[in-house]
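The structure appears right after this line, and notes come after that.
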Amino acid sequence: MTAPNHYGDRKQIVAWALYDWANSAFATVVMSGFFPLFFRDYWNTGEAGEAITFRLGVTNSLSSLVIVLSAPVLGAVADAGGSRKAFLFVFASLGVLATASLYGVPQGSWMLAAIAYFLATIGFMGGNIFYDALLVTVAPRSRYETVSALGFGLGYLGGGLLFAACIGLTLNPVMFGLQDAGQAVRVAFVLVALWWAVFAIPLFRRVREPSARQRLPWLSLVVTGFRELGTTLRQLRALRGVGVFLIAYWLYIDGVDTVVRMAVDYGRALGFGREGLILALLITQFVGFPSAILFGLLGKRIGPKRGILIAIGVYILATVWGAFMTKPWEFYGLAVAIGLVQGGIQSLSRAYYARMIPVEKAAEFFGFYNMLGKFAAVIGPVMVGWVGVLTGNPRIGLMSLLILFIAGGALLLTLREDEVHRA
């Protein structure tokens with residue numbers, strides 16, 4: 001397939017990367033930061049700690065399950081109809097509106113909070129299918145690693161800046177005309193929604209996607225999407241390299257996503273203070289910005305596979321450390337360690353996979369990519385929460401993540417470069 005003449009257009013690349021800046025505010029401020037704390041301390045007041053962890057894990061897992069069941073078909077329909085941006089708009093809008101709705105959930109209403117968070121998370125994860133797929137339309141193949149890393153780097157920076165502003169809001173609510181820290185957190189949810197909406201605009205205005213392969217009514221496109229899905233499944237059976245990578249990714253990214261979603265709740269279960277946990281997350285964000293960019297350059301120099309394996313090794317060490325830590329300063333040390341590799345493993349995985357897939361079916365193939373990543377997230381949070389409930393010890397729950405990191409890294413080691421190029 002001939003590359004479009006707009007490949008490598010700097011304005012398109014920046015506009016595409018700014019969506020990471022936009023939606024990472026949700027991942028940082030809501031998913032990793034305030035929602036787990038507020039869910040435990042405000043919407044679940046007086047409940048047992050293990051039950052709260054289980055409810056949070058189930059909510060995360062159910063939203064991931066929706067993406068698991070729908071992602072490949074949605075990707076196939078978007079590819080056939082040339083509508084990656086349209087699907088991204090729908091999911092982003094859902095995420096923005098659901099996030100803003102958290103402001104109105106009253107204290108003690110954990111079920112309403114869980115439903116709003118469930119919908120917002122679907123919007124976040126579903127949108128990423130089509131955002132990831134647009135990488136192959138804005139960047140030439142030789143720049144996948146660095147452009148992917150630019151997106152994650154801007155995501156860490158943008159998410160970190162808004163997170164810092166929201167922390168300031170919660171520490172000094174009266175200064176901003178608010179009643180207390182609780183109201184400040186609810187206002188922070190609205191700020192995230194506005195941030196996400198405003199900084200998504202450049203992508204929708206500037207990024208161009210390939211024309212539709214065929215102009216069909218929506219019902220016909222859905223039928224075509226299912227037909228294309230069957231073709232792609234047959235292709236996946238023939239492309240061992242793609243299949244091996246997807247399974248490896250399914251395993252190790254589960255550990256990554258579970259750390260992102262459950263770290264604050266884990267720290268609270270160990271008795272660490274709320275302010276210290278928030279500061280640790282902020283450290284991760286600002287360490288993650290330059291580290292993601294550097295990992296992109298590292299992946300370009302030594303290859304994305306080696307870069308991913310380095311990051312998995314760091315996660316294994318961090319998991320063991322986290323299971324035995326006893327002092328708050330150790331949580332800060334772990335925040336630095338995770339910040340060094342979190343963006344790198346995500347950006348290099350996206351770039352490595354983009355090298356394997358046909359450009360014209362990017363959304364469909366990225367549907368499988370996101371499906372397996374989120375199917376892993378169906379297991380991870382519940383596994384950590386359930387093992388903690390069974391043993392009465394959240395440290396043992398955290399240690400269960402080692403299975404995922406080790407198995408994913410071992411499988412990735414079996415992938416030969418000739419299989420990647422052949423794919």
LYS85 meets each of (1) touching a residue at least 12 places away in the same chain (Cβ under 8 Å); (2) under 25 Å from THR258 (Cα atoms); (3) open to solvent by 30 Å² or more (accessible area, probe 1.4 Å); (4) not small (Gly, Ala, Ser) with one exception, condition (2)
Assuming GLU209 fulfils every condition listed in (1) modelled with pLDDT of 70 or more; (2) part of a helix (DSSP H, G or I); (3) among the acidic types (Asp, Glu) apart from one, which condition is it? (2)
Is it the case that the stretch 360-367 has a residue that's open to solvent by less than 20 Å² (accessible area, probe 1.4 Å), aromatic (Phe, Trp, Tyr), assigned to a helix (DSSP H, G or I) and under 15 Å from VAL242 (Cβ atoms)? yes
Among residues of the stretch 341-359 being of a type in the set (A, V, I, L, M, F, W, C) and surrounded by 21 or more Cβ atoms within 10 Å (Cβ to Cβ), the residue farthest from LEU282 (Cα to Cα) is ILE357
Checking PHE204 against (1) open to solvent by 10 Å² or more (accessible area, probe 1.4 Å); (2) at pLDDT below 90; (3) farther than 14 Å from VAL29 by Cβ, which single condition isn't satisfied? (2)
From the set of residues in the stretch 290-326 that are open to solvent by 80 Å² or more (accessible area, probe 1.4 Å), of a type in the set (D, E, K, R) and modelled with pLDDT of 85 or more, which is nearest to TRP250 (Cα to Cα)? ARG306
Suppose the filter is surrounded by fewer than 24 Cβ atoms within 10 Å (Cβ to Cβ), among the aromatic types (Phe, Trp, Tyr) and either outside any helix (DSSP H, G or I) or modelled with pLDDT under 85 (or both); does PHE286 pass it? yes
Which residue is surrounded by the fewest Cβ atoms within 10 Å (Cβ to Cβ), if the candidates are limited to the stretch 162-201 and must be within 22 Å of LEU340 (Cα to Cα) and within 18 Å of the chain's Cα centre (by Cα)? LEU162
Considering residues that are among the aliphatic types (A, V, I, L, M), farther than 17 Å from ILE253 by Cβ and open to solvent by less than 10 Å² (accessible area, probe 1.4 Å), the number found within the stretch 136-153 is 4
From the list ALA139, ALA164, ALA113, pick out the single residue that is touching a residue at least 12 places away in the same chain (Cβ under 8 Å) and either closer than 24 Å to THR59 by Cα or in contact with a strand residue (DSSP E or B) (Cβ under 9 Å, 6 or more places away or on another chain) (or both). ALA113
With the stretch 82-149 as the region, which helices (runs of 4 or more DSSP H) entirely inside it contain at least 2 residues that are of a type outside the set (A, V, I, L, M, F, W, C) and modelled with pLDDT of 90 or more? 84-101, 110-133
I'd like to check something: does the stretch 63-78 contain any residue that is assigned to a helix (DSSP H, G or I), open to solvent by 30 Å² or more (accessible area, probe 1.4 Å) and at pLDDT 80 or above? yes
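The values are calculated or read from the model by the stated rules, or taken from the named source; none is laboratory data. This structure is a prediction, so every number in the text was calculated from the model and none was measured. Cβ atoms come from the backbone with ideal geometry, glycine included; neighbour counts cover every protein chain shown. SASA here: full protein model, heavy atoms, side chains in, ligands and nucleic acids out. Shrake-Rupley method; radii C 1.70, N 1.55, O 1.52, S 1.80 Å.
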